[in-house]
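Structure first, then comments.
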Amino acid sequence: MPSRRARSTRRDWLARLVPLAAALVTGLLLLLRRTLRPRYLHGDELFARWAHGERVILAFWHDRLLLMPFANRFAQRVCIMVSRHRDGELITRAVRPLGIETARGSSTRGWSGALKAMLRAHRAGANLAFAPDGPRGPRHVAKSGVIQVARATGAVIVPIGAAARWARRLGSWDRLIVPLPGSKVLYLAGAPFAVPPDVDAVTVEEMRAALERELARVTAAAEAALDDACRA
């Protein structure tokens, strides 16, 4: 078993790698922003909400995380929730140059701090973005935090499905999709969810399950639509 000193040295070494890794990820994201070929389906209602100054909550599966910076067609202000672990620090550093804000939280210490930060960001004019199965899974199983934030803010939840024609999957818990330069990427907006402020616990669970089903539907629909578009 490694000694405390060895574990501390390893943590320090990994912490020093985060800025380098973040710079590499930022470079990849900037390259992808220049070369990806995005297409949008069923986004008219979402775009109309943005055109009228409305802020929304975007929901997507965690494995689509690297596709989402390129879905922001109108350069909307967006804040995304990430963990307090090293991967959260890496994401925070990597997306900052793209104008994406982050709220940090810990699943072991409770997410109240991050949720409060998301609420502050919304009051300050940001759209919010959630991967309801993050940050540690289970994969494609939604948690209720996004429902609670929608209840507190009054913002509608817009489920987003995304698919990339050319991509690789990592061996992480979520099998993260890494799009390749020049890939076609398709974004498909699902039916918006409005959460009443007086919703009870039973209804929260029902809405969580409904969001999970809708995310599964729009993700599968995005993949099918992209396949059809590439065959045409």
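Details
- A Förster radius of 25 Å, combined with the Cβ-Cβ distance separating Asp228 from Asp44, puts the computed FRET efficiency at roughly 0.80.
- Label-to-label distance, nm, for residues given as Arg175 and His140 (7 Å Cα→Cβ offset): 0.7 nm
- Each residue of the stretch 58-64 is assigned a 3J(HN,Hα), and the resulting list reads 8, 10, 7, 6, 4, 5, 9 Hz, derived from the Karplus form 6.51 cos²θ - 1.76 cosθ + 1.60 (θ = phi - 60°), x at Gly and Pro.
- Efficiency of FRET between Thr26 and Val202 - r from beta-carbon atoms, R0 45 angstrom, step 0.05: 0.55
- The stretch 43-75 and the stretch 200-214: distance between their alpha carbon centers, rounded to Å: 21 Å
- Proxy reagent accessibility, fewest Cβ within 10 Å first, across Cys79, Cys230: Cys230, Cys79
- Gaussian network model of the chain, springs between alpha carbon atoms under 10 Å - residue of Arg64, Arg136, Arg77 with greatest fluctuation: Arg136
- Taking amide hydrogens as placed 1.01 Å from N in the peptide plane, the amide H of Val78 sits under 5 Å from those of Glu101, Asn127, each at least 5 positions away in sequence or on another chain.
- For the pair Gln148 and His85 in one chain, pulling the backbone fully straight at 0.36 nm per residue adds 20.4 nm over the alpha carbon distance.
- In Hz, Karplus ³J(HN,Hα) per residue of the stretch 214-222 (6.51, -1.76, 1.60; θ = phi - 60°; x = Gly, Pro): 5, 5, 4, 5, 5, 5, 5, 5, 5
- Highest GNM mean-square fluctuation among Ala103, Ala164, Ala23, for the chain modelled with Cα contacts below 10 Å: Ala23.
- Over the chain: helical MRE at 222 nm, DSSP H runs n ≥ 4 each giving -39500 (n - 2.57), nearest 500: -14500 deg cm²/dmol
- Most tightly packed first, judged by the mean number of other beta-carbon atoms within 10 Å of their residues, the peptides 127-133, 187-193 read 127-133, 187-193.
Read-outs: derived from the displayed coordinates by stated rules, not from any lab. These numbers were taken from a predicted model, which means no experiment stands behind them. Don't worry about glycine lacking a Cβ; one is built from the backbone with ideal geometry, like all the others, and counts go over all protein chains shown.
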